[in-house]
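Accompanying notes for the structure given below.
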Amino acid sequence: TVGVTVPLLATQLLWINLVAAVTLALPLADGADPPAAEPVPATAVIGARILLVEDEPSLLPMVRLMLTELGHQVLAAASPDEALQLAEEHRGAIDLLVTDLVLPKMDGRELADTLQADNPGLRVLFISGQALPAVDPKTDAKQGAGFLQKPFRMDDLARKVQEALWQFAPGERL
């Protein structure tokens with residue numbers, strides 16, 4: 001993979017990584033087994049309705065654009081209060097919550113718990129610039145939660161979103 005970093009806008013400190021994948025076919029050493037391929041869902045989920053909650057003003061539009069480019073419908077909120085309002089307006093029609101873990105007034109886990117009380121089939125992907133706080137396996141498994149460390153590339157976001165959307169069928173919980 002070859003990466004090139006370019007400025008998004010000359011007046012902002014936002015950067016996009018443009019990545020080109022190059023595949024090389026090299027012979028294996030004698031007796032070596034080919035590497036195992038990473039499993040990929042047979043069908044990618046596109047068109048999911050995603051509630052994105054990010055309180056960083058420079059990141060919200062960029063992550064929204066990435067999710068839109070991946071083929072999803074995005075409801076963007078800059079705060080938990082705004083997210084709760086959007087969830088009420090789209091009751092039962094949100095497939096995935098993508099939320100920062102550290103938010104004002106209510107953290108991402110509390111927000112996920114609140115939204116899942118009304119929508120038990122809601123899947124969750126936590127994003128954060130900080131290392132994942134202490135993991136509560138019961139809570140995170142119940143929430144069907146994934147985690148993505150910031151900063152991330154679009155292909156990392158795409159993979160985590162697909163994992164979250166494929167993890168549980170709507171309404172199914174551990």
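Every number in this text was worked out from the coordinates using simple rules, so none of it is lab data. Model, not experiment: these values are computed from the prediction. Here the Cβ positions follow ideal geometry from the backbone for every residue, glycine too, while neighbour counts run over all protein chains shown.
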Taking a crude spin-label model, label points 7 Å out from Cα along the C-beta direction, the Glu89 to Thr68 distance in nm is 1.5
Working out 0.36 nm times the residue gap between Ala78 and Ser58, then minus their Cα-Cα distance, what length gain in nm do you get to one decimal? 6.1 nm
